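Below: the structure, in structure tokens.
The values are calculated or read from the model by the stated rules, or taken from the named source; none is laboratory data. Predicted, not measured: the structure shown is a model, and the values here were computed from it. All Cβ positions, even for glycine, are placed from backbone atoms using ideal geometry, and neighbour counts span all protein chains on display. In case anyone asks, the SASA skips ligands and DNA or RNA and just uses the protein heavy atoms, side chains included. Shrake-Rupley method; radii C 1.70, N 1.55, O 1.52, S 1.80 Å.
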Amino acid sequence: MTIDKPVSFLADSASYRHWRVGYAVNVATVTMQVTPSSGLRDDYELKLNSYDLSVDIELYDIVQRLRFEHPEIHAVVITSDMDKVFCAGANIQMLAGSTHGHKVNFCKFTNETRNGIEDASAHSGQVYLAAVNGTAAGGGYELALACDEIILIDDYSSAVSLPEVPLLAVLPGTGGLTRLVDKRFVRRDLADAFSTRIEGIKGHQAIDWRLVDYVAPKSTFAEVVQARAKVRGAETHRPDAGDAVTLPLFGSSTSIDADGSRSGNVDVAIDRDLGAARFTIRGPIGPQPQTGIALLKAGVESWLLATALELDFAVLHLRFNEPDIGTWVFTTQGDVESVTDAEHVFDNDADHWFVREVRLYLSRTLKRIDASARTLVTLIEPNSCFAGVLAELVLAADRSLMLDGTMADLDASPPVLRLTTTNNGLFPMSNGLSRLHTRFWGRDDALAVARTAIGAALVALDAVEAELVTFAFDDIDWHDEVRLLLEERGSYSPDALSGMEANLRFVGPETLETKIFARLSAWQNWIFQRPNAVGSDGALRRFGTGSRPTFDRNRV
């Protein structure tokens, strides 16, 4: 097993190694052209447009930049420049040689990128289409499944397939099974037949089985794709032109060392003895934009967008590069009023495309925290600014502690918690509900009481009475209670904690996203450790060697 090196998320759009992006009127074409020798490690080659994390880091960057830097783009076409190959999926040698943790994190990040594509199609007015101009296998077909429409070339050889179960003894890792039946409404017995047919399905049979939307011969394939892109693009609400914001190199504003990371609004301090990372999120300083035009002009200098970028990067860095840090503690510093003032733009100019993108990015970042398989603790202390979007971290936490009163040695007022209208659904969880609704799932009376607290500055006893925090302690007990909680958490099995927290965190209705992040992640986490997949005689190890894997036939 190869030791995974630290992951960098810096993606230079001027020199992508695996993708190129072209623009024509209101359509962008994103072409996969994976460089075999430019993977994350040097012990495998990315042949046949197979991918590893380095490919998906660039794709994530492309999706982000299309949303923020190209308001005029209404439709995005994902295709390949390789003859008869769209994408061969995740690189098998990479998976076979990666640590278990890297495989799980890789699948999770890739899932989030696919969900981001669907989010753009559903909410940003940027509809994604897959122009599958060659065979799409495994993760390659899963990439197509994330798009709103799939057009398959009808050349008598190109097919779509999900061969992971028969070939690799694992599941399609980025939501393929879920999207077949929950998104494309493929009949489940046909989905079963498809998912065990190594050669896949091609041509008009793929339409009959609902695996693709259109097929076209090579002679008219490009014209059909462009026609569909124009039709779908014409249905969207994005502007035809306008000013945009250039995103910085992702993570470039953050300095990292062994003790943590620091950026303009988000610092992370690591306590390795406790196995905990303490996030400090600073609130806005000075007036913030109140209209879409003003927010667009401020761009990455606005507190809302800058904080989303820095928090997103901090979460990804900890996920991949600090896997032993199992508890994330969220604190804030600043003025409650300044936070509520900053988010007024969501009410003042909700339909402005840039306001919508900033809100959606904050929503995706909060979802990434929910799905990070870490204990989440929120500490509401003097000089905190847990209001509105930052109050989401209180509602997201597995445990939230609030100081009752203030510290004897501090010249500060008692901390307050303030919910705003944004907490009532502007940042939904993967279950489609607000975190406030999720907190009171099945208890409508308690939810109604909590909603009456929106707008109020709640001190500790008020917050406890409204059931918005777990516990409140005075300054005599505060430090001991915090220490005991973190020490206790660090003494438990990380495996048991991950399972417990995911079971408790995603209550309520099941959605495509919760199936992917709860059910799929749990089963894939288990399957990736089983000898049938990763053992010396398992399918991942034997793939490509000419020898068949040896399976333990016990189904229990």
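Label sites at ALA122 and ASP189, each approximated as a point 7 angstrom past Cα along Cα to Cβ, lie 3.1 nm apart.
With every protein chain in place and a 1.4 angstrom probe, the accessible-area ranking of ASP404, ASP409, ASP552, largest first, reads ASP409, ASP552, ASP404.
Placing a label point 7 Å from the Cα of THR280 along the Cα-to-Cβ direction, the residues of the stretch 356-400 with a backbone N closer than 20 Å are 377-387, 390-391, 393-394. Sorted largest first by accessible area at a 1.4 angstrom probe radius, with every protein chain in place, the residues ASP347, ASP257 fall in the order ASP347, ASP257.
Close amide H partners of THR332, meaning residues 5 or more places away or on another chain with modelled amide H under 5 Å apart, are ILE281, GLU381, CYS385. The accessible area of THR422, taken with all protein chains in place and a 1.4 Å probe, comes to roughly 0 Å². Residues in the stretch 47-66, backbone N under 17 Å from the label point at ASP83 (7 Å along the Cα-to-beta-carbon vector): list them, ranges by number please. Those under the cut-off are 48-49.
For the stretch 143-222, the mean projected area of the C-alpha convex hull, equal to one quarter of the hull surface, is 5.1 nm². Our compactness index for the stretch 387-436, the C-alpha radius of gyration over the empirical 2.2 N^0.38 Å, is 1.39. Largest to smallest in accessible area, the residues ASP182, ASP243 fall in the order ASP243, ASP182 (1.4 Å probe, all protein chains included). Along its three principal directions, the equivalent ellipsoid of the stretch 203-311 from the Cα gyration tensor extends over semi-axes of 44, 24, 12 Å, largest first. Summed over all non-identical Cα pairs, the Kirkwood treatment of the stretch 227-288 gives a radius of 16.0 Å.
For the chain, the Stokes-Einstein estimate of translational diffusion at 37 °C and a viscosity of 0.692 mPa s comes to 134 µm²/s, using the Kirkwood hydrodynamic radius over alpha-carbon pairs. Among the listed pairs LYS84/LYS108; LYS47/LYS515; LYS108/LYS367; LYS183/LYS218; LYS84/LYS230; LYS47/LYS103, those whose Cα-Cα separation exceeds 22 Å are LYS84/LYS108; LYS47/LYS515; LYS183/LYS218; LYS84/LYS230. Using a simple spin-label model with pseudo-atoms 7 Å out from Cα toward Cβ, ASP208 and MET407 lie 7.1 nm apart.
For PHE506, the solvent-accessible surface computed with a 1.4 Å probe is close to 40 Å², ligands and nucleic acids excluded. For the chain, the relative contact order is 12 percent, taking Cα pairs closer than 8 Å that sit 6 or more residues apart in sequence and dividing their mean separation by the residue count.
Using only alpha carbons, the stretch 310-399 has a radius of gyration to Kirkwood radius ratio (Rg to Rh) of 0.99. Between GLU510 and ALA14, the FRET efficiency estimated from the beta carbon spacing at R0 = 51 angstrom works out to 0.75.
Residues whose amide H lies under 5 Å from that of VAL212, counting only those 5 or more places away or on a different chain, are ILE207; hydrogens are built 1.01 Å from N in the peptide plane. Relative to the current alpha-carbon distance between ARG197 and GLN529, full extension at 0.36 nm per residue lengthens the span by 117.1 nm. Label zone of LEU461 (point 7 Å out along Cα→Cβ, amide N under 15 Å): in the stretch 360-403 this covers 403. Computed from the Cβ-Cβ distance with R0 of 56 Å, the FRET efficiency linking LEU484 to ASP182 stands at 0.85. Approximating the spin labels as points 7 Å out from Cα along Cα→Cβ, the LEU249-to-ALA496 distance works out to 4.5 nm. Per-residue ellipticity at 222 nm computed for the chain from its helices equals -11000 deg cm²/dmol, with DSSP H segments shorter than 4 residues left out and the rest contributing -39,500 (n - 2.57). Converting phi to 3J(HN,Hα) with the Karplus coefficients 6.51, -1.76 and 1.60 and the offset θ = phi - 60°, the stretch 143-149 yields 4, 5, 4, 6, 7, 6, 9 Hz in sequence order, with x at every glycine or proline.
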